[in-house]
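**Q** Quick one: the structure is below, questions incoming.
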Amino acid sequence: VQLQASGGGLVQAGGSLRLSCEVSGRTFADYAMGWFRQAPGKEREFVAAFNRNNNNPYYTDSVKGRFTISRDSRENTVYLQMNSLKPEATAVYYCAAGRPILSSLTYVNSYNHWGQGTLVTVSS
């Protein structure tokens, strides 16, 4: 499976961006689909994901109420709508596919397919 992330850019604090992750090779119904981010000098961290066994989205606490993960089955694309962005959201954002069990949905090592990353910069 191949993942192509896009949509990053420079935005002022309080603004919005929508990231896209186009999935090819397999349908994303076969995988859990997640978004992770890595800020400079920090480890990659979980942001949001769909578990492949249900339609429930999962979010890290810091983005709940502001970020929304969604997917379009026809386009085989997963989105991350990011609203009310804060400077601490500045990072390279990666989409990922894997088959983790639910309790491991937020772990980087649970995903074995990664997109190339798209940079999000939030200015204060």
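**Q** What is the distance, in nm, between label points placed 7 Å from the Cα along the Cα-to-Cβ direction at Gln12 and at Glu43?
**A** 3.6
**Q** Enter the accessible area of Leu102 (Å², nearest 10), with the probe set to 1.4 Å and all protein chains included.
**A** Answer for Leu102: close to 90 Å² accessible.
**Q** On a 1.4 Å probe surface of the protein chains, which of Lys64, Lys86 comes out largest in accessible area, and what is the full order?
**A** Sorted descending by solvent-accessible area, the residues read Lys64, Lys86.
**Q** Right, here's the next one. Could I have the simple spin-label model distance between Ser84 and Leu119, label points 7 Å from Cα toward Cβ, reported in nm to one decimal?
**A** If labels sit at Ser84 and Leu119, their model points lie 2.8 nm apart.
**Q** Charges at C-beta only: +1 for Lys and Arg, -1 for Asp and Glu. How large is the resulting dipole of the range 22-90 about its Cα centre, in Debye rounded to 20?
**A** Around 80 debye, computed over the range 22-90.
**Q** Shifting gears a bit: Could you give the accessible area per residue of the range 32-71, probe 1.4 Å, as a whole number in Å²?
**A** For the range 32-71, the solvent-accessible area averages 53 Å² per residue.
**Q** While we're on this one: Ignoring any ligand, DNA or RNA, what whole percent of the accessible area of the chain comes from carbon and sulfur when the probe is 1.4 angstrom?
**A** Of all accessible area on the chain, carbon and sulfur atoms account for 44 percent.
**Q** Output wanted: per-residue J couplings in Hz (rounded whole) for the range 41-58, from phi through Karplus 6.51 cos²θ - 1.76 cosθ + 1.60, θ = phi - 60°, x for Gly and Pro.
**A** x, 10, 6, 5, 10, 6, 10, 7, 6, 9, 7, 6, 8, 8, 9, 7, x, 10
**Q** Working out 0.36 nm times the residue gap between Ser24 and Asn109, then minus their Cα-Cα distance, what length gain in nm do you get to one decimal?
**A** Separation in residues times 0.36 nm, less the Cα-Cα distance, equals 28.5 nm.
**Q** Using the Cα centre of the chain as the reference point, and only Cβ charges (+1 on K/R, -1 on D/E), how large is the resulting charge dipole? Debye, rounded to the nearest 20.
**A** In total the dipole reaches around 80 debye.
The values are calculated or read from the model by the stated rules, or taken from the named source; none is laboratory data. Please read these numbers as outputs of a predicted model, since none were measured by experiment. Every residue, glycine as well, gets a Cβ built from its backbone with ideal geometry; the counts of neighbours run over all protein chains shown. The area values use the complete protein model at the heavy-atom level, side chains included, leaving out ligands, DNA and RNA. Shrake-Rupley method; radii C 1.70, N 1.55, O 1.52, S 1.80 Å.
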